[in-house]
1. For the range 8-21, what are the residues that are surrounded by fewer than 13 Cβ atoms within 10 Å (Cβ to Cβ) and either at pLDDT 75 or above or assigned to a loop (DSSP other than H, G, I, E, B) (or both)?
2. Can you pull out the residues in the range 85-105 that are surrounded by fewer than 22 Cβ atoms within 10 Å (Cβ to Cβ) and within 17 Å of Thr132 (Cβ to Cβ)?
3. Taking the range 166-220 only, how many residues are β-branched (Val, Ile, Thr), at pLDDT below 95 and either exposed (fewer than 13 other Cβ atoms within 10 Å of the Cβ) or under 15 Å from Val117 (Cβ atoms) (or both)?
4. Any residue that is open to solvent by less than 40 Å² (accessible area, probe 1.4 Å) and within 14 Å of Gly48 (Cβ to Cβ) - is there at least one of those in the range 126-144?
5. May I ask you to verify whether Asp108 is part of a loop (DSSP other than H, G, I, E, B), without any contact (Cβ under 8 Å) to a residue 24 or more places away in the chain and surrounded by fewer than 23 Cβ atoms within 10 Å (Cβ to Cβ)?
6. Out of the residues in the range 47-84 that are open to solvent by 60 Å² or more (accessible area, probe 1.4 Å) and within 14 Å of Gln25 (Cα to Cα), which is farthest from the chain's Cα centre (by Cα)?
Amino acid sequence: MDWNAWHGKYDVADSWMARRLRTVQSQTRAALDDAPAGPLKVISLCAGDGRDLLHVLSDHPRRHEVRARLVELDACNTAAASETARLAKLDQVEVVTGDASLIDQYRDMTPADLVLVCGVFGNITDSDIEGTIGACNQLCKTGGTVIWTRNRAAPDRVPMICQWFDEQGFELQWLSEPGAGYGVGVHRFTGTPRPLHTGTRLFEFVGYDVLRQRETAQSG
């Protein structure tokens with residue numbers, strides 16, 4: 001799949017992708033607003049062209065307090081993210097072209113105040129979703145926030161995702177309505193961060209299109 005072209009669909013006025021983006025950005029802004037005073041760390045897995053975070057930071061009053069690392073495999077998207085950060089003079093934003101599933105990418109950035117896992121859960125298997133959530137207590141500080149997305153196509157995994165977060169010590173703060181056409185969730189970590197288990201791969205990025213083909217073949 002051409003992920004750079006896929007991101008262009010965000011520019012289609014009032015599409016579900018545009019509405020989801022606005023929702024993620026709104027929740028990102030709220031998380032930064034509510035974070036404790038002082039320097040903040042933000043990490044974004046499979047960050048795409050960075051618009052979930054960068055378009056919020058560009059005019060946020062705490063923009064210079066935020067140190068961020070965005071990890072994305074597609075070089076076209078990371079080039080766009082780097083240019084956005086440069087134009088906005090976000091000097092503490094680091095854009096990494098690499099495999100976001102490798103937990104070592106986040107060394108020295110954990111535990112973070114805000115973890116973005118957007119555009120991930122709809123592209124990986126259920127077992128990898130559960131495993132990634134299980135590792136969020138290595139990525140997120142006590143009181144920190146995880147913002148995630150997942151489509152609500154059948155089988156709807158959003159309720160199960162919320163349950164998996166609950167089992168890992170995350171409290172649900174906000175969840176988009178079932179009829180919104182997309183799923184966006186916000187969870188706050190109430191536990192104690194675990195040391196980063198270096199050398200771990202969090203997930204295999206399969207892709208929504210491949211997963212749907214598998215499900216169709218299994219149901220047939």
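The values are calculated or read from the model by the stated rules, or taken from the named source; none is laboratory data. Everything numeric here is computed off the predicted structure, so don't read it as measured data. Cβ atoms come from the backbone with ideal geometry, glycine included; neighbour counts cover every protein chain shown. Please note that ligands, DNA and RNA were not included when accessible areas were found on the heavy atoms of the full protein model with its side chains. Shrake-Rupley method; radii C 1.70, N 1.55, O 1.52, S 1.80 Å.
1. Kept after step one, since they are surrounded by fewer than 13 Cβ atoms within 10 Å (Cβ to Cβ), are these residues of the range 8-21: 8-9, 11-14.
Within the range 8-21, Val12, Ala13, Asp14 qualify.
2. Gly98, Asp99, Ser101, Leu102, Ile103, Asp104, Gln105
3. In the first step, residues of the range 166-220 are kept if they are β-branched (Val, Ile, Thr); the result is 184, 186, 190, 192, 198, 200, 206, 210, 216.
From what's left, at pLDDT below 95: 206, 210, 216.
Those still in the list that are either exposed (fewer than 13 other Cβ atoms within 10 Å of the Cβ) or under 15 Å from Val117 (Cβ atoms) (or both) too: 210, 216.
Count: 2.
4. No.
5. On the way: part of a loop (DSSP other than H, G, I, E, B): yes; without any contact (Cβ under 8 Å) to a residue 24 or more places away in the chain: yes; surrounded by fewer than 23 Cβ atoms within 10 Å (Cβ to Cβ): yes.
The answer is yes for Asp108.
6. Asp59
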